[in-house]
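Trainee: Dumping the structure here so I can ask a few things about it.
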Amino acid sequence: MNQTEQEVMQQAALEDEGRLVRAATHDLEASGSVSEPVLTALVHALGDSDYKTRCAAAEALGAFGPAAATEAVLAGLSTALEDRESQVRRDAAAALGALGFGAAARGEQEPRG
């Protein structure tokens, strides 16, 4: 396989992953269920090369609310706060807020009490 064929295959895989994340987001938001494999896939998608896929993953994680606040999800979203794309950073901060970690997303300490 030459370089052009490899690039076409890689682009197709990225497009498929993006479509998959967006479809899973839609279906899971409608059903309201959150499973560990889905969370794992969405955390993985936060590192995708396509910023739209990273945004969709952050939005989906936020849509699940506090039920999605696993260690891996929080770590993935925290890392996404430093993404090179501002929209990904905004979506990650919004997701952390939706998960109940708004102050952490702003770099503040959670209130004690």
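Trainee: At 0.36 nm per residue, and after removing the present C-alpha to C-alpha distance, how many nm does the segment from A67 to R84 gain when stretched out fully?
Mentor: Answer, rounded to one decimal: 3.4 nm.
Trainee: Need one number: nm distance between label points at A75 and S35, each 7 Å from Cα along Cα→Cβ, rounded to one decimal.
Mentor: Inter-label distance under the simple model: 2.3 nm.
Every read-out reported here was derived from the displayed coordinates using simple, explicitly stated rules and does not represent laboratory data. What you see is a predicted model; the values in this text were computed from it and never measured. Counting neighbours? That spans all protein chains shown, and the Cβs are built from the backbone with ideal geometry, glycine included.
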